[in-house]
Amino acid sequence: MNVTLAVKQYISKMIESSGPGMKVLLMDKETTSIVSVVYTQSEILQKEVYLFERIDSQNRDNMKHLKAICFLRPTKENVEHLIQELHRPKYSVYFIYFSNVISKSEIKALAEADEQEVVAEVQEFYGDFIAVNPHLFSLNLQGVSRGRSWEPVVLPRVTQGLTSVLLALKKCPMIRYQLSSDMSKRLAESVKQIITKEYELFDFRKTEVPPLLLILDRSDDAITPLLNQWTYQAMVHELLGLNNNRIDLSRVPGISKDLREVVLSADNDEFYANNLYLNFGEIGTNIKNLMEDFQKKKPKDKQKLESISDMKAFVDNYPQFKKMSGTVSKHVTVVGELSRLVSERQLMEVSEVEQELACQNDHSSAQQNVRRLLQNPRLSEIDAVRLVMLYALRYEKHSSSILPSLMEELKRKGLSERHRKMVQAVVEYGGKRVRGSDLITPTDAVAITKLFFKGLKGVENVYTQHQPLLHDTLDQLIKGRLKDSQFPYLGPSSLRDRPQDIIVFIIGGATYEEALTVYNLNRTMPGVRIVLGGTAILNTKSFLEEVMLSVGSGGDRTLGGGRQLSRR
């Protein structure tokens, strides 16, 4: 179950099917993202694709010597663009691939438009999602809910995305959903409807244990997306923002031109692949080793180039050095910027209190620590507001809650009304009234003992004590203990055996911390394969935008700007 590989294979198949010769890849806004996350431009160039164009671009030249490979979402707009294209074809022949199921009537309309008979092939290739990591996918959607209900235009898109993942992985699953969330039930029913309607597509070879699709709601765990992160990929997304594997570094002080935007992809960056899930301390050591390795291998300025073979060896190695030098400067820049932000925003101190709020149950210590940090002039707005949010979620019903005075403190600090409104919005979105599961369990004697022993082994460290709720949910599911009363099956049948192939989908977005949980479970649970997906991949900033759009806080739309479906 590898979503990256599934999308890569689809794209390879498209390019190979068109045969030898020069090609243009014609895409829309979304399929451009889908392709760019799994393939670099240079990899595609090697497959004789020399041009990348958008179907909606008006000023494309006639190039009859090129074959066109069209990879498009099956939307009305795209079909309309294709019809216009086929009336006046710019390329010699067209191979058309839709990323999802397309209706017979639209196929008929395309056939009628193809008067010059330039279409060689029309197929459905189900790559209708962003494959972020091999076990992680996203639909890059924001503003998915209105209160506790689906934003009407979004449900069909999420259904399409999720069914395309199932088709790409060749799974026809049983479905379980979170009972406390009406949105989960609606999505489960919507997916089931497509499986029933397109039963021929889902007619895969039966496995001994059927695959399982588990649909969850972000509002059940609003704590995880609020925490600062300390593993490489998660930290980059939290502090710098990862968008389709790209980081915008243009605001970094003194940044060189060629590093203003860098790509982090585990597929073609060995250092990143090896350090994705390591914590910040280890990355510092590894970056130092990478530098030293580079110094050793770097061609000396006065390297002897006396014989032809010396020169040949130098030329052969040079591209490798160029690549290595690019990798070194990229990661040194990224890690350097993370370090600067950690010290500027005093994130180690902030994170320690966040972890205490998320994992411990000591109200008097928590309130003192939050108060102390709020008085620190170096505390950034986002960190101040997230600490108060975590306190509000953790001690929502506590008899001696000091939330009103913390809100006053935020006001005194000069935080805008918009930021202060977010605190209430987060409680409304993911507070006790909404949650279906026990996100916050009182620390009992057993848990304390576990913590104590963990402490003796030197807890990984105080900054990574927190486990997302997803960890417990999946642990219970794998052990066959996940309650049907909280996570019912859709339909009459249920799974008797331990599940093997599990696809988890979180409405409202997943996080890299949850992706790490899934990665670790895949490594340590033999025979179990898990893929995680979400409507988006969240960091604190995008999570709060999602919350504000969902709660619709007092008509204040400055965060997300409008109700229309926006795609990142």
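The values are calculated or read from the model by the stated rules, or taken from the named source; none is laboratory data. If you're wondering where the values come from, they're calculated on a predicted model, not measured in any experiment. Cβ: placed from backbone, ideal geometry, glycine included. Neighbour counts: every protein chain shown. The accessibility values were calculated without ligands, DNA or RNA, using every heavy atom of the protein model including side chains. Shrake-Rupley method; radii C 1.70, N 1.55, O 1.52, S 1.80 Å.
Being assigned to a loop (DSSP other than H, G, I, E, B), closer than 17 Å to Asn245 by Cα and either modelled with pLDDT of 85 or more or open to solvent by 30 Å² or more (accessible area, probe 1.4 Å) (or both) is true for just one of Asp267, Asp301. Which residue is that?
Asp267
Going by what's in this entry, would Gln233 be described as in a helix (DSSP H, G or I), in contact (Cβ under 8 Å) with a residue 60 or more places away in the chain and under 30 Å from Ser343 (Cα atoms)?
yes
Looking at Glu200, Glu151, Glu189, Glu208, which is the one that is under 20 Å from Leu532 (Cα atoms), surrounded by fewer than 23 Cβ atoms within 10 Å (Cβ to Cβ) and of a type in the set (Asp, Glu)?
Being under 20 Å from Leu532 (Cα atoms), surrounded by fewer than 23 Cβ atoms within 10 Å (Cβ to Cβ) and of a type in the set (Asp, Glu) holds for just one of Glu200, Glu151, Glu189, Glu208, which is Glu189.
Picking from Lys8, Lys67, Lys47, Lys29, which residue would you name as being loosely packed, with under 15 Cβ neighbours inside 10 Å, out of contact with any Asp or Glu (no Cβ under 7 Å at 6 or more places or on another chain) and touching a residue at least 12 places away in the same chain (Cβ under 8 Å)?
Going through Lys8, Lys67, Lys47, Lys29 in turn, the sole match is Lys29.
Identify all residues within segment 232-265 that are over 16 Å from Val328 (Cα atoms) and among the acidic types (Asp, Glu); write none if there are none.
Hits for segment 232-265 are Glu238, Asp248.
Can you tell me which residue in segment 246-264 is surrounded by the fewest Cβ atoms within 10 Å (Cβ to Cβ), limited to those that are β-branched (Val, Ile, Thr) and under 25 Å from the mean Cα position of the chain (by Cα)?
My answer is Val263.
Here's the yes/no breakdown for (1) open to solvent by 30 Å² or more (accessible area, probe 1.4 Å); (2) in a helix (DSSP H, G or I); (3) out of contact with any Ser or Thr (no Cβ under 8 Å at 6 or more places or on another chain):
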residue: Leu373; (1), (2), (3): no, yes, yes
residue: Leu379; (1), (2), (3): no, no, yes
residue: Asp383; (1), (2), (3): no, yes, yes
residue: Arg386; (1), (2), (3): no, yes, no
residue: Glu396; (1), (2), (3): yes, no, yes
residue: Ser405; (1), (2), (3): yes, yes, yes
residue: Arg420; (1), (2), (3): yes, yes, yes
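Filter segment 513-535 down to residues that are open to solvent by less than 20 Å² (accessible area, probe 1.4 Å) and touching an Asp or Glu at 6+ places or on another chain (Cβ under 9 Å) and give me whichever is nearest to Pro156 (Cα to Cα).
Thr535
How many residues does segment 147-178 contain that are assigned to a strand (DSSP E or B) and in contact with a helix residue (DSSP H, G or I) (Cβ under 7 Å, 6 or more places away or on another chain)?
Residues in segment 147-178 being assigned to a strand (DSSP E or B) and in contact with a helix residue (DSSP H, G or I) (Cβ under 7 Å, 6 or more places away or on another chain): 4 in total.
Each row is one residue, and each column tells you yes or no for (1) in a loop (DSSP other than H, G, I, E, B); (2) outside the structural domain of Ile382 (by the TED database); (3) acidic (Asp, Glu).
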{"residue": "Ser180", "(1), (2), (3)": "yes, yes, no"}
{"residue": "Thr196", "(1), (2), (3)": "no, yes, no"}
{"residue": "Glu208", "(1), (2), (3)": "yes, yes, yes"}
{"residue": "His237", "(1), (2), (3)": "no, yes, no"}
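With outside any strand (DSSP E or B) and open to solvent by less than 20 Å² (accessible area, probe 1.4 Å) as the only criterion, which of Ile96, Ile102 stands out?
Ile102
If you go through segment 341-367 one residue at a time, how many are surrounded by fewer than 16 Cβ atoms within 10 Å (Cβ to Cβ) and free of Cβ contacts under 8 Å to residues at least 24 places away in the same chain?
Qualifying residue count, segment 341-367: 4.
Checking the structure you have, find out if any residue of segment 424-442 is out of contact with any helix residue (DSSP H, G or I) (no Cβ under 8 Å at 6 or more places or on another chain), more than 20 Å from Gln465 (Cβ to Cβ), modelled with pLDDT under 90 and not in a loop (DSSP other than H, G, I, E, B).
Among the residues of segment 424-442, not one is out of contact with any helix residue (DSSP H, G or I) (no Cβ under 8 Å at 6 or more places or on another chain), more than 20 Å from Gln465 (Cβ to Cβ), modelled with pLDDT under 90 and not in a loop (DSSP other than H, G, I, E, B), which makes the answer no.
Of the conditions (1) modelled with pLDDT under 90; (2) touching a Ser or Thr at 6+ places or on another chain (Cβ under 8 Å), Leu216 fails just one. Which one is it?
Leu216 satisfies every listed condition except (1).
Select from segment 198-212 the residues that are out of contact with any helix residue (DSSP H, G or I) (no Cβ under 7 Å at 6 or more places or on another chain) and closer than 28 Å to Gln486 by Cα and list them in ascending order.
The answer is Lys206, Thr207, Glu208, Val209, Pro210, Pro211, Leu212.
What is the number of the single condition among (1) polar (S, T, N, Q); (2) in contact with a Leu (Cβ under 7 Å, 6 or more places away or on another chain); (3) closer than 18 Å to Asn245 by Cβ that Asn78 does not meet?
(3)
Please work out which one of (1) over 30 Å from Tyr232 (Cα atoms); (2) outside the structural domain of Phe71 (by the TED database); (3) buried (at least 19 other Cβ atoms within 10 Å of the Cβ) is the condition Val119 fails and give its number.
The failed condition is (2).
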